[in-house]
Structure formats: structure tokens, C-alpha cells
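Reading through the C-alpha cells given below for one structure.
The values are calculated or read from the model by the stated rules, or taken from the named source; none is laboratory data. Keep in mind that what you see is a predicted model, and the values were worked out from it rather than measured. Cβ atoms come from the backbone with ideal geometry, glycine included; neighbour counts cover every protein chain shown.
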């Protein structure tokens, strides 16, 4: 199970490794969806044609103008981002839940404290990866202008100084903290319910390895379902902050005439303040404007949660099995 489990034979370094593997798998699978989501979130309303009102319209336009490789713009940096993000999130959550489980706190307060553990993990991760996220976001918009890590970092610095690397941090903390708290809480509650329906491992099949009390196929099913539900709920609840975060992260971005800018990366909506962005978006587009690009984001969020949680759980299972042999 995700989170601290007493008498688990895994070390913290092993859990960190499992988180890294989970991050690699998550980024490889979800990268194209991330590119489409970003383009939709940042387009001005007037720039949307009838076909672009749906995410597959954006997909076709990116493919026609930029080719299949465009869906992996920012992928290399995205892998570093994903490894750092997922592994640090699981690691901080494991450490925080260990403190809660070993404390003498009243059991009725534990659900809230475990939620705070998730929020802490999400907030910590958001702060750590923010500079990488800003560079990666701009690479997904105009790859040539922000090509490579060093060139991308220089381009970001030229337009906004050192603070440009932390554009959108306020919205990111407002989104990532609660989102991670909700996601971990939902997963921790839903996965055991599903596993409870399934039969536990027999002594012959699992040998009662500490931490491995279910068959791997049952763990896969339960983690997939729980991860999908966790991704849907967490992203839907916090989505407006995710939208605002992206618009804040391009506040200092300026088009450079030396580089070709795709049509889906033009007419971008920029923001300079969290509350101002929420207010202006609501005034110009209504409540639905705060959920621009929600559909593709939900698809990505569910895939992300399923892959991240499932890969992490199965890696932990595998490591425990190898340890006893």
C-alpha cells in the first residue's frame, strides 16, 4: 500500500527507486496528452475555431503544422521533471505518513493528518520542480526558442530574470498541495476496499512477504481502479488552479521573430496574479472558462494516476519478492 506500513521490509532508498521508475513510465505515456492540454489551456477564446473547441481538433492542428514529434516537445526535460516530481512526492508522503502512524494521535484525526501528508508532499514537489516546469512548458509551446535545458533556462532568464523560474508558484501550491492530498487519500481508501473483495495471497503464492499480502494481479486491478478514481477527483476539484498556473508560467514569455511559432502557440492568455487571473477568466468566459481544457486534462490525470500508482505498487511488490530470495 502507498504510504508507511509497519514492518515493511523495504528501505527508503528502495522506495525512492520505485518512485523513479514510476516517474519514467508516467512521463513516457502521458507526454502527448500534456502537450495538447497546455495548448488548449493557454489559447484565447477568440482564437478558437469550431474545430479547436474539442481537444482532437487541437491534436490534428499540431500534427499538420509540426508533425508527430511535436507531441514529445520538452520530453527530455519532462522525464527529469517527472522522475523528480513523482519520486519526491512518494518519498515525502512515505516519510510524513511514517510520522503520523508512529505518533500517539487520536485515530479520529488520522484521516485529516494523512490528507495533510499528501498536501505536504504535493507542495514540496511543486516547489522543487517549478523551474523545470516553466522551461518545459515553454518548450512545448515554441520548441526552437527554448531548445535544450541550458538554452531554455537562458531564454527564460532573459525575459523575466530569476523570478521567471517561479512564475505560477502560488497557483501551483494551491493546486498541487490539495490535489496530492486528495489523490493519496482517495487511493488509500479505495484500493483496500477493492483488495478486500479479492482473495488474499495464500502462503504458497506470496510466502507472506512483509508488505505483500495480495496477488500481483489483484494489486494491479485494485491500483488501476483506485488510481483512476483518485486522478479524476483530485484534478477536477483543483482544476481552476492548474489552468491559472499555466497562464502565470508564461507571464514573461515573448514571441521571438527569429523562431516560427505554431498557430496553437499564438494568441496566448497570460496572467500576472493568481486572484486577478481567476477574476478575469470568470468575467470574460464564465465559470466554464475556468475549466478550459478540462476533458483532455482529466484523461491525462487518470492515466497519470493509474500509471504512477500502479507502477509504484508493482515495483514495491517486485523489490520485496527479490529481497526474500
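Listed conditions (1) touching a residue at least 60 places away in the same chain (Cβ under 8 Å); (2) part of a helix (DSSP H, G or I); (3) crowded, with 16+ Cβ neighbours inside 10 Å are all met by residue 129, apart from (1). Going through the range 63-105 one residue at a time, which ones are in a loop (DSSP other than H, G, I, E, B) and under 22 Å from residue 138 (Cα atoms)? Within the range 63-105, 67, 73, 74 qualify.
Listed conditions (1) within 24 Å of residue 315 (Cα to Cα); (2) crowded, with 22+ Cβ neighbours inside 10 Å are all met by residue 140, apart from (1).
Here residue 296 fulfils each of the conditions (1) assigned to a helix (DSSP H, G or I); (2) out of contact with any helix residue (DSSP H, G or I) (no Cβ under 6 Å at 6 or more places or on another chain); (3) touching a residue at least 24 places away in the same chain (Cβ under 8 Å) apart from (2). Considering only residues of the range 33-62 that are farther than 21 Å from residue 240 by Cα and outside any loop (DSSP other than H, G, I, E, B), which is modelled with the lowest pLDDT? Residue satisfying both the conditions and the ranking: 51.
Yes/no per residue for (1) farther than 30 Å from residue 9 by Cβ; (2) surrounded by fewer than 22 Cβ atoms within 10 Å (Cβ to Cβ):
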position: 245; (1), (2): yes, no
position: 260; (1), (2): yes, yes
position: 265; (1), (2): yes, no
position: 275; (1), (2): yes, yes
position: 278; (1), (2): yes, yes
position: 294; (1), (2): yes, yes
position: 297; (1), (2): yes, no
position: 301; (1), (2): yes, no
position: 309; (1), (2): no, no
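Could you tell me whether residue 270 is surrounded by fewer than 19 Cβ atoms within 10 Å (Cβ to Cβ), over 25 Å from residue 181 (Cβ atoms) and under 22 Å from the mean Cα position of the chain (by Cα)? Yes: the conditions hold for residue 270.
Just one of the numbered conditions (1) surrounded by 23 or more Cβ atoms within 10 Å (Cβ to Cβ); (2) touching a residue at least 60 places away in the same chain (Cβ under 8 Å); (3) more than 30 Å from residue 162 (Cβ to Cβ) is not true of residue 232: (1). Within the range 136-154, the set of residues being in contact (Cβ under 8 Å) with a residue 60 or more places away in the chain and in a helix (DSSP H, G or I) comprises 136, 137, 138, 139, 140, 141, 149, 152.
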